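Below: one structure, written as structure tokens.
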Amino acid sequence: MEKLQLIWSGETELPAGWELQPHTHDFFHLAYVRSGNLVFRAGGVDYHLSEGSLILIPPFVVHGIPQDTHNLCIQYEIFFRIQNPELNCFFENQKVFVLHGAPHLENLFSYIYMTYSSSDPLQSSSVSSFLWTILFSFLTDQPSSENSSEGYVDSSRYSLLVQNIIRYVEKNYDVKYDLTSLACALGFNKNYLCTVFRRETGITISEYFNYHRIRKVLIFLQYTGYNKEVPIHELAHQCGFADSSYFNRVFKKLTGMTPIEFINALSRESDGPEWSSFKKYYIEYLDMKRYPIQESLQYMRGLKAAAEINEK
């Protein structure tokens, strides 16, 4: 079993209305709620925890407990570092892990709390093993991340690994696609990542990068008012497309139109006081509820049909 560096473990009591100011640190923070309810605000997201819930906060993620968001709460806490580079890279690159309804893990937390500072080698080995059991429970038990619908797609039907790939793309869409970096970040073989992602989504990881980037371009176009102050190819560059010709090809493949045709469709004035059918579809697409990847691609491809209807 790979070695872990235990920094501290304790049982803490949080009085009702008590506040933990936002802060960050360079180690993992793991908490298990023994009794009560509370809200952990981590990375700008509120995670509602109750008895039997646990949360894993990676290093350098700002977190705290807002005032008046909990009753009397008792929890176990563990601070630690992972000394295996690949596994550390995997857990560190996640936003936040949350697992609900896990009372079976309370005894492991209790044992770690009672013996983590022991000098007995056997107990130290047990503490490390129990902590790994807790960490891998986040993966094997399919935790509720409270964010299974990602920024632009509903990922709830996919495996945790594919959800993590989607999150990685959302975080790194504006840099050059590098499968090696992705594999390192998630701690899996490159070929395995590609196989699993394509099997579950029907497209390659590279194709999903392009979808996410084009979606970003469409959003920027909405907020720039469809004018020429920010050229569309400059927007494309900001969204990760280094080559204009490649951007043109990808844009047409996914929307059915060239970037210029798209801009022209947005610029046309409708005959009546309401939006044109194309603008209406475009706004609805950007504001739509999240769908799995294939359905999201279909909505994007529908932009051309909406533009053609508007021309008639």
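The values are calculated or read from the model by the stated rules, or taken from the named source; none is laboratory data. Small disclaimer: the values here were computed from a predicted structure and weren't measured. All Cβ positions, glycine included, derive from the backbone under ideal geometry; neighbour counts span all protein chains shown.
Listing for the model above:
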quantity: Pair list, Cβ < 6 Å and 6+ apart or interchain, from region 22-38 residues that are within 22 Å of Phe90 (Cα to Cα) and in the same structural domain as Glu106 (by TED's automatic domain parsing) to residues that are modelled with pLDDT of 90 or more and not in a strand (DSSP E or B); calculated: Thr24/Val62; Asp26/Pro59; Phe27/Pro59; Tyr32/Phe109
quantity: Yes/no for Glu234 being modelled with pLDDT under 85, closer than 22 Å to Glu170 by Cβ, surrounded by fewer than 14 Cβ atoms within 10 Å (Cβ to Cβ) and of a type in the set (D, E, K, R); calculated: yes
quantity: Selection status of Ala305, at pLDDT 80 or above, in contact with a helix residue (DSSP H, G or I) (Cβ under 7 Å, 6 or more places away or on another chain) and not in a loop (DSSP other than H, G, I, E, B); calculated: no
quantity: Which listed residue, of Ile219, Ile203, is in a loop (DSSP other than H, G, I, E, B), within 21 Å of Gln294 (Cα to Cα) and either more than 13 Å from the chain's Cα centre (by Cα) or not assigned by TED's automatic domain parsing to the domain that holds Ile82 (or both); calculated: Ile203
quantity: Top-ranked residue of region 21-39 - restricted to ones that are β-branched (Val, Ile, Thr) and in a strand (DSSP E or B), ranked as nearest to Phe136 (Cα to Cα); calculated: Val33
quantity: Unique match (being over 21 Å from Ser128 (Cα atoms), polar (S, T, N, Q) and either free of Cβ contacts under 8 Å to residues at least 40 places away in the same chain or surrounded by fewer than 17 Cβ atoms within 10 Å (Cβ to Cβ) (or both)) among Gln67, Gln83; calculated: Gln67
quantity: Options Lys171, Lys176; residue that is of a type in the set (Lys, Arg), farther than 17 Å from Val196 by Cβ and modelled with pLDDT of 85 or more; calculated: Lys176
quantity: Failed item in (1) part of a loop (DSSP other than H, G, I, E, B); (2) over 14 Å from Ile134 (Cβ atoms), with Gly52 passing the rest; calculated: (2)
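Listed here are the residues, each with its yes/no results for (1) surrounded by fewer than 17 Cβ atoms within 10 Å (Cβ to Cβ); (2) closer than 13 Å to Leu135 by Cα; (3) not aliphatic (A, V, I, L, M).
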site	(1), (2), (3)
Leu14	no, no, no
Phe28	no, yes, yes
Leu72	yes, no, no
Met114	yes, no, no
